[in-house]
Amino acid sequence: MSLKPRTLLPAGSQAPNFSLRDGPDSYASLSDYADSVVVLLFYTADFHPVCIRQLVVFNEALPEFHRLGAQVLGVSQDAIWSHIAFSNHFNMHFPLLSDYHPRGKVASAYGVPVTDGESARAAFIIDTNQQIIWSHLSPPGIALAPGLPLTALEKLLR
């Protein structure tokens, strides 16, 4: 599987709003978090070994993000039922949103590479004006560590 080269939306861009399933009968939108800085994590798939490591570590670092006034949202193209199973299995404490239908529409809007129903691992920090203030694309096979967005948040919030 090769990912098509794309350019992430850079800092200073308006973050595209979205409405994605966060439960069987519920949706979450970026605008729902307008009072918070949002760390938006795109990841390949629930139960993918690299993504498991990444999301579990972000879950452990969640108190640090909250201390800085940020909410974390995970997004993949898995169906909501997969997200529920993943979240329950790993005791996740941040929402996992389903970019399932149409597949990868939100990832593509952010410039995240998408191939064969999976997106690359990428992260964005979005301020309360829905402006992107930081973005990062992880190399294939490499989990994003929470230290990168935490350091960016600390610098940006000084």
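Scanning residues 5 or more positions from Asp78 or on other chains, those with amide H under 5 Å from its amide H are Asp46, Asp99, with H placed 1.01 Å from N in the peptide plane.
Between Asp35 and His93, what FRET efficiency comes out of the Förster formula 1/(1 + (r/R0)^6) with R0 = 30 Å and r the beta carbon distance, rounded to 0.05?
0.95
Placing +1 on the Cβ of every Lys and Arg and -1 on the Cβ of every Asp and Glu, with nothing else charged, gives the chain a dipole about its Cα centre of roughly 420 debye. Put Thr44, Thr151, Thr7 in order of accessible area, highest first, and with a 1.4 Å probe you get Thr7, Thr151, Thr44.
Among Ala85, Ala15, Ala28, the largest mean-square fluctuation in a Gaussian network model of the chain (Cα springs under 10 Å) belongs to Ala85. Less than 5 angstrom separates the built amide H of Gln131 from those of Ala15, all sequence-distant by 5 or more or on a different chain.
Could you tell me which of rounded, prolate or oblate describes the range 85-137, using a ≥ b ≥ c as the square roots of the eigenvalues of the alpha-carbon gyration tensor, with rounded for a/c under 1.5 and, failing that, prolate when a/b is larger than b/c and oblate otherwise? Display every interim value, and only then the final one.
Details: a/c = 1.94, a/b = 1.17, b/c = 1.67.
It is oblate, given that a/c is not under 1.5 and a/b is not larger than b/c.
Taking each DSSP H run with n ≥ 4 as -39500 (n - 2.57) and averaging over every residue of the chain yields -8000 deg cm²/dmol at 222 nm.
Sorting Leu40, Leu157 by solvent-accessible area of protein heavy atoms yields Leu157, Leu40, largest first, with a 1.4 Å probe. Legend: translational diffusion of the range 32-130 by Stokes-Einstein, Rh = Kirkwood radius over C-alpha pairs, 10 °C, 1.306 mPa s; D = 117 µm²/s.
Residue-wise HN-Hα couplings along the range 63-77, as the Karplus relation 6.51 cos²θ - 1.76 cosθ + 1.60 with θ = phi - 60° gives them from phi, are x, 5, 5, 5, 4, 8, x, 10, 9, 9, 10, x, 9, 9, 8 Hz; Gly and Pro carry x.
The values are calculated or read from the model by the stated rules, or taken from the named source; none is laboratory data. Not measured: the values here are computed from a predicted model. Positions of Cβ are backbone-derived with ideal geometry, glycine not excepted, and every protein chain shown enters the neighbour counts. For the accessible areas, the whole protein counts, side chains as well, though only heavy atoms, and no ligand, DNA or RNA atoms are used. Shrake-Rupley method; radii C 1.70, N 1.55, O 1.52, S 1.80 Å.
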